[in-house]
1. Has segment 65-73 got any residue that is farther than 20 Å from residue 157 by Cα, part of a helix (DSSP H, G or I) and at pLDDT 75 or above?
2. With the condition kept exactly as written, say whether any residue in segment 119-128 is loosely packed, with under 14 Cβ neighbours inside 10 Å and under 18 Å from the mean Cα position of the chain (by Cα).
3. One residue is enough: does segment 216-236 have a residue meeting the conditions within 25 Å of the chain's Cα centre (by Cα), buried (at least 23 other Cβ atoms within 10 Å of the Cβ) and modelled with pLDDT of 95 or more?
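The values are calculated or read from the model by the stated rules, or taken from the named source; none is laboratory data. Here the structure is a predicted model, which means the values were calculated and not measured. Every residue, glycine among them, receives a Cβ derived from its backbone with ideal geometry; neighbour counts consider all protein chains shown.
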């Protein structure tokens, strides 16, 4: 039997050339796989980096949009409303000052009436503008001094409904001095008397006076509130309360400086003089004023 013959079923050993080719093929496959994975990793990194950048940019734009919507724009609108409101208030006050000055300089009743007829519509327009602005304004953006100007103007022209709107806003403010709270209550009292509610009016006046501490420094302001109450009571023919409060005013005014006492006394006396002939008799202590 020849040596080259092999038993059936025996494995034929690979040749050197075949082994080399197989090794090279495996090596090439591994290199290709590595290159393939390397390209995927770089691409994936680019995708992830782009996604992160887009997300960050989206967050920045969203934050900017929210800031514009909820902070910057409302703040700009608030400043605009406040500016328009103050302009209306200042215009009404200026018109009233011009009317008073003209009345003092002119002795002709016809001219004073014509001036009042010309200015009153302008004041009404200012009041309407301020009222429209006030609806969308926060209490902390509105001061009682501005409201007092509007209350006085509305009260003077006889628009008690609008005056009541301004009074309500003034009463609602708590972050103010006792003097300003007292003034808000005083105007509330005047409004109650003007609308035929003397009991509520007197209570508001008393609260206005009690809001101010009973000190020498507050005595002029307390006397002024009481003087206003006396005039309102006599105008509404509340004779008994008027007489009692007039006596209290006379006693209180003795603690004032001479000039203050003369000014307040003359104001009350002039008002009561104009009301002579009404339902209330002339008070016995009228001469004490």
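1. no
2. Looking for residues that are loosely packed, with under 14 Cβ neighbours inside 10 Å and under 18 Å from the mean Cα position of the chain (by Cα), one finds at least one in segment 119-128, hence yes.
3. no
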